[in-house]
Amino acid sequence: MKKQLWNYVFLLFFLLSLSIGNLAFAQQSQITGKVIDKDSGDGIPGVSVLVKGTTRGSITDIDGNYSILASPEETLVISFIGYESVEELIGNRSVINVGLSQTVQALSEIIVVGYGTQERKEITSAVTSVKAENFNQGTVNDPRQLLQGKVAGLNIARPGGNPNRGFNMRLRGISTIGENAEPLVVIDGVIGGSLATVDPNDIESMDVLKDGSAAAIYGTRGSAGVILVTTKTGKQGRTVVEYNGSVAAETVARTIPVMTASEYRQVPNMVDLGANTNWLDEVTRTGFSQVHNLSLGGGSATTAYRVSMNYRGVDGVGINSGFDQLNARINLTQRALKDKAIFTVNISNTSIDRQFGNENSFRYAIISNPTVPVRSSLPQDAQFGGYAERDIFDWFNPVSIAEQNIDDRRESRLLASIRGEYNFTDRFRAAIFYASQRETDWRGAYSPKTAKFGGGFGRNGLATIQDDVRLNDLLETTLNYDATAGRLEMAFLGGYSYQEFFNQGNYMQAGDFLTDIFTYNNIGAALDFANGLATVSSYANSNKLVAFFGRANFNLEDTYFLSLSARYEGSTRFGANNKWGLFPAVSAGVNLANVFQMPSSISAMKFRASYGRTGTQPNQSYLSLLRFGRQGNFFYNGAFVPSYGPVSNPNPDLAWETKDEYNVGLDFVILNNKLDGAIDYYTRVTTGMLLPINVPVPPNLFPQTVLNIGEMLNSGIEVMVNYQAIQKSDFRWTTGFNFSTLRTNLRSLSAGDLSFGEVNYRSNFGSPGQNLTQLIRIQENGPLGQIWGPRKVGLNEDGSPRMAVINGTAVDDNGNPVYCNCNEDRTQLGTAYPTFNFGINNTFNYKRWDLNFFFRGSIGHYLINSYRGFYENTEGTTVQNYNIVKTKYYDPAVTKAEYNSDHVERANFVLLDNATLGYNFNVGIGRNVTRLRTFLAVQNPFMFTSYTGVDPEVRYLDSETNDPLAPGIERRATYFTTTITTFGLNVSF
């Protein structure tokens, strides 16, 4: 019903916008012509042809032809990215052909940087810009997907295909092991903006500030890099109406191979319950989705506007998983006071209704005995709603998990900002900016009386309601002054920033209901409240950031460049002795092509070097204070009274993590502007990492304190190349390549007498039977992500794995060394982080056809395949009646589940991430429709990998514990990967 309602809303908005768009065409004489490239003589498609000072305009077709209504006294403005603009007075001409000259696009491209923009030729830091035309295509529901694989050094991963899971982002590896590891996001100037407030269709560009000198202007939040998101705005000219819509089908691409019922029946001592069930098919489906985007934009000499609405309805391949999302946005720019004042208003609102389903249905589908029926008429199964359940350890009916349990989320995101700028002169201007972001997350979950999984059966129905609200208010003022001294151009920036955050929420969980009919909507009916068994809690916290910042840029003859910046920032999350920090940066560059005599085919060869200091603040408030929290109840004076105890120790010296980063790079434009790219080498040292350290009690009141401790080194090489291989009138081919390497070294985890642990072990395998298995090793002066474990060298007579004796000293009765089942007899089995990542993009245009395909891959990382470690043996079948994982490594002689080197696999992969074929229809000259394109896209159609698990994608943290120090583990509740086939339509009026 909701989807139908929004379809009608979009249809109404579409018709209204179309009627407005038609008003833009006045009754004038028709002017026709063709726009060509002066050098090649080929027609240029997509060129803007605008009647100067009006909103009337046109766009050239695939052959460069255009048609526009205008009068003799008017002037045409012809412009296109990468070419010099041309103005033509119409006079008494009815045919006006125009030739455009190319500019060095790679140098003149405008790049968004912190608190401003620069031409690429002036940038002296490691900055990568990705424009809308280069974004990933297909069904893209998260803005992070637009950049996936596009930026050297930026790794974006979401293992599995769960539509409700977010993507993990890491820029130049892991920047911290204790706090915020993801890049800071800035949306239209709003620091810390939520990407959920932006629909992918509304994004104009995404600029990535990679090195410390570029990110230092953001101070305590720039250590993991910065991503600047710029949304689309209206352009001067005629009113433009755009509709982008698509429908998609999503299917399972990869799972874990398991035995069929017939194969299972051949296993000795198996339990046959008579059915032939394919559990993987039972918990999955073909997921269908639809996306609709409608926008209306335009402007005059004083006003520019763009309004858009976006609807996304997505069904996941897991039953009862998916979401409905509605996003609305308005961007408005108004000039006043003879263009001296400029006011910009951006407002966006997003509402998302999610059905989470349950990833554990996938886990138990893998291990379920294929002879067990989905449903049962046996009397003992009536209490479970007719689903077949068995009284064995760690098994639940996968279909029951997905169908009976409810887990709904409602998310609301509102982001509003207003900016006022006044130009006192052409060189001096001042601006004030205010933004407010409101985020609300609501969760309602219910497990009915008949659900064995989820707690409902044991609690006679179990309901959960949770509310979380996050507020973010930002006020900034800036001054800009541009100056010239002879051949030296200078630009100065100064500013003040005040940002306040407030978070609050509440949580309720209660059971024992008379009926399941209300689910979570009548939690007050739970008898747990009267019996004192319900759980109720709430919280509130806040923090503030205050900063003064400045920057000075110098440009001498477009040859020598220098940039200096600093941010002096204070945070209430720091200790009393360290409230403020200084974050300086310096970068310089020289265009060698202007200094030395080089071949004419070299347009630019800019060498640059930079240094910058950034920080990371604690991710919680009040960590530097002595705090007390609820510690249970005690019996006093005939009643239970709540008790409180310490939950943190005071630390007045708590400060920010500090990252010092050095970067050298080379930007080049060669082969007569056909080939451009950048090469960077960086090294960065992170010191004073924020980590919880065990401390003695007494003198401390609490056994852990968050301290600044340790040191980490990262270094790597990044390469990005774009090549316009063929540029003909009928055929064009553009290709691009990016590549990055990464090395990490955890130099120290100690400070004086305190230590996080010279050697530390994280995570364990889990139940059944492997809770004490240590998987990830952290070692001073060693790399991060060491996968740790015993090395298998054979089988014992009983079918159990025989492990190698490595460093242990245990011996048998005859004095022979034996495996000690201790860390001395374990070793590094691989590393969780890839040696390098890459992406390859190709775009072909042939007449009206366009084809794009994009490959990406990661090489050198390993994954622990948990499914194999537990279930690729006959023990699970004979003891617990689990199914058997049957990969290419399956050995029926293995009778015991015991984690070892066999279960650590090299996870190299190359993925065809996206392939899109489009066709641009000839809409004719003079018609209202200026563009009509259909396309067919497929995402993840095939992958090259030897990994036998669900998804070889890099794991940057442990999904069970969210521990960034425990990467490289594929857990058993991994959502299956998917292939998405999309058919879409793009229309412009």
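Checking the structure you have, find out if any residue of segment 667-675 is buried (at least 20 other Cβ atoms within 10 Å of the Cβ) and out of contact with any Ser or Thr (no Cβ under 6 Å at 6 or more places or on another chain).
yes
Residue-by-condition table, conditions (1) in the same structural domain as Q145 (by TED's automatic domain parsing); (2) assigned to a strand (DSSP E or B); (3) in contact with a strand residue (DSSP E or B) (Cβ under 8 Å, 6 or more places away or on another chain):
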residue	(1), (2), (3)
G808	no, no, yes
N814	no, no, no
C820	no, no, no
F844	no, yes, yes
R856	no, yes, yes
F870	no, no, yes
N883	no, no, yes
Y889	no, no, no
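Which is buried (at least 22 other Cβ atoms within 10 Å of the Cβ) and part of a strand (DSSP E or B), of I227, I256?
Every option except I227 fails the conditions.
Taking A525 as the residue in question, decide whether it is hydrophobic (A, V, I, L, M, F, W, C) and touching a residue at least 40 places away in the same chain (Cβ under 8 Å).
no
Determine which member of the set L775, L784, L829 is surrounded by 15 or more Cβ atoms within 10 Å (Cβ to Cβ) and part of a loop (DSSP other than H, G, I, E, B).
L784
Is it the case that some residue within segment 123-133 is without any contact (Cβ under 8 Å) to a residue 24 or more places away in the chain, surrounded by fewer than 22 Cβ atoms within 10 Å (Cβ to Cβ) and outside the structural domain of N714 (by TED's automatic domain parsing)?
Yes, there is a match, as at least one residue in segment 123-133 is without any contact (Cβ under 8 Å) to a residue 24 or more places away in the chain, surrounded by fewer than 22 Cβ atoms within 10 Å (Cβ to Cβ) and outside the structural domain of N714 (by TED's automatic domain parsing).
Only one of (1) over 30 Å from A253 (Cβ atoms); (2) of a type in the set (A, V, I, L, M); (3) touching a strand residue (DSSP E or B) at 6+ places or on another chain (Cβ under 8 Å) fails for A382. Which number is that?
The one condition A382 does not meet is (3).
Mind checking whether some residue in segment 482-491 is farther than 17 Å from R427 by Cβ, assigned to a strand (DSSP E or B) and either in contact with a Phe, Trp or Tyr (Cβ under 6 Å, 6 or more places away or on another chain) or in contact (Cβ under 8 Å) with a residue 40 or more places away in the chain (or both)?
no
Within segment 955-973, how many residues turn out to be closer than 22 Å to T251 by Cα and at pLDDT 90 or above?
Total satisfying the criteria: 3.
Could you say which residue among S600, S537, S542 is of a type in the set (S, T, N, Q), surrounded by fewer than 16 Cβ atoms within 10 Å (Cβ to Cβ) and at pLDDT below 90?
It is S600.
From the set of residues in segment 789-806 that are outside any loop (DSSP other than H, G, I, E, B) and out of contact with any helix residue (DSSP H, G or I) (no Cβ under 8 Å at 6 or more places or on another chain), which is surrounded by the fewest Cβ atoms within 10 Å (Cβ to Cβ)?
Result: G794.
Mind counting the residues in segment 171-217 that are acidic (D, E), assigned to a strand (DSSP E or B) and either farther than 24 Å from L414 by Cβ or in the same structural domain as V685 (by TED's automatic domain parsing) (or both)?
1
Name the residues in segment 719-731 that are in contact (Cβ under 8 Å) with a residue 40 or more places away in the chain and in contact with a Phe, Trp or Tyr (Cβ under 7 Å, 6 or more places away or on another chain), would you?
Selection gives V719, V721, A725, D730, F731.
Taking the residues in segment 162-180 that are at pLDDT 90 or above and closer than 18 Å to Y975 by Cα as candidates, determine which candidate is surrounded by the fewest Cβ atoms within 10 Å (Cβ to Cβ).
N164
Return only the number of the condition from (1) of a type in the set (F, W, Y); (2) crowded, with 17+ Cβ neighbours inside 10 Å; (3) over 28 Å from G968 (Cβ atoms) that Y846 does not satisfy.
(2)
Do we find a residue being buried (at least 24 other Cβ atoms within 10 Å of the Cβ), charged (D, E, K, R) and assigned to a loop (DSSP other than H, G, I, E, B) anywhere in segment 895-903?
Within segment 895-903, not a single residue is buried (at least 24 other Cβ atoms within 10 Å of the Cβ), charged (D, E, K, R) and assigned to a loop (DSSP other than H, G, I, E, B).
Does A451 count as surrounded by fewer than 20 Cβ atoms within 10 Å (Cβ to Cβ) and either on the phi < 0 side of the Ramachandran plot or of a type in the set (A, V, I, L, M) (or both)?
No.
The values are calculated or read from the model by the stated rules, or taken from the named source; none is laboratory data. The structure presented is a predicted model; accordingly, all values stated were derived computationally and were not measured. So basically every Cβ, Gly included, is an ideal-geometry build from the backbone, and we count neighbours across all protein chains shown.
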